[in-house]
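*Asks:* Take this structure, written in structure tokens, and hold onto it; I'll ask about it next.
The values are calculated or read from the model by the stated rules, or taken from the named source; none is laboratory data. Fair warning: this is a prediction, and the values are worked out from it, not measured in the lab. No Cβ is skipped: glycine too gets one built from the backbone with ideal geometry, and neighbour counts run over all protein chains shown. We work out accessible area using only protein heavy atoms, side chains counted, and drop any ligands, DNA or RNA first. Shrake-Rupley method; radii C 1.70, N 1.55, O 1.52, S 1.80 Å.
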Amino acid sequence: HSPVRRMELFLLGLWLSVFAAVTGSIDSSCPRGSYINDVAHHGGDAVLRCSSDGGLIERVYWQREQVEGGDPEMVKAYCAMRSDCNLSGPNYTGRTDFIDNSTQGNFNLRLHQVNLKDEGCYHCVIQVKRKDVPSIKHCYIQLYVVAQYSKPLIKLNQLGDVAPGQMELNCSSSGGYPEAGVRWVNKSDNSTFPEELVQTESSTNKLGLYIVTSVLRLHVADGTIACHIVNNRTKNVTESEIGKPGSSIPAGSAEFNCHTARQSI
């Protein structure tokens, strides 16, 4: 094994054995009711907070729990008396650093360039001594990753001879996470079009980000219609509108990037 892997196994075995002795079992995800939720944007930074309650710091270990079983993944380790165990896990090398004063017991971890694979439960273990009595502190952070959907693009297709008096509105948006819902809204009264008139499909790109396409089929209408892309996790809404599609657009197809409204998370 490489030095990183040997140290990873050493620290993992040490702290998990202590954890098992304290709790009686080891859960592969954040224990219910004992963790903090945090949200990070895809491509941005996340700050995972963990600090001691005093005492002499001996070791600190950040790991990512495995949701579907298996050994936790090493994120970052620190040893007060051993520089050879101040390491980062293979998937986190160059992407993590402690951002506060570790000498005062603050081991808040900054994770750079967050991606979808970083989502999960992070477990911070701090081993301290108080009056020569060893103790362990545990912090759990459930990290969720989100990505903002692009401004929706609305495309109009009047069906003409295929279905006289009917038209289709196609709304597409991409680059978001997690999967979004779509609402078609009649702006004249802010009512939502019935689901039987709408067909929505989702796919993912090579990064795992979603591409959402929704088609609304209805009789030619004189009014403003909006397409709402709703992030199902943050409830953030990205909106585009098309005004008077039935009266102002000739037969055939056209594309619109009309006004957009965004709500902050």
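*Asks:* Once the Cβ-Cβ distance between Thr192 and His41 is put in as r, and R0 is 35 Å, what FRET efficiency do you end up with, to the nearest 0.05?
*Replies:* Computed FRET efficiency for Thr192 and His41 comes out at 0.80.
*Asks:* Using Cα pairs closer than 8 Å and at least 6 residues apart in sequence, work out the relative contact order for the range 48-136, in percent.
*Replies:* This gives 38 percent for the range 48-136.
*Asks:* Could you name the lysines in cross-link range of Lys131, using Cα to Cα under 28 Å and dropping any fewer than eight places away on the same chain?
*Replies:* Lys76
*Asks:* Sorted by accessible area with a 1.4 angstrom probe, largest first, how do Val215, Val133, Val145 fall?
*Replies:* Most to least solvent-accessible, the answer reads Val133, Val215, Val145.
*Asks:* Give me the percent of accessible area attributable to carbon and sulfur for the range 117-191, probe 1.4 angstrom.
*Replies:* Working: 1530 of 3270 Å².
Of all accessible area on the range 117-191, carbon and sulfur atoms account for 47 percent.
*Asks:* Starting from the 7 Å offset along Cα-to-Cβ, what nm value, one decimal, do you get for the label separation of Arg110 and Asp71?
*Replies:* So the two model labels end up 3.0 nm from each other.
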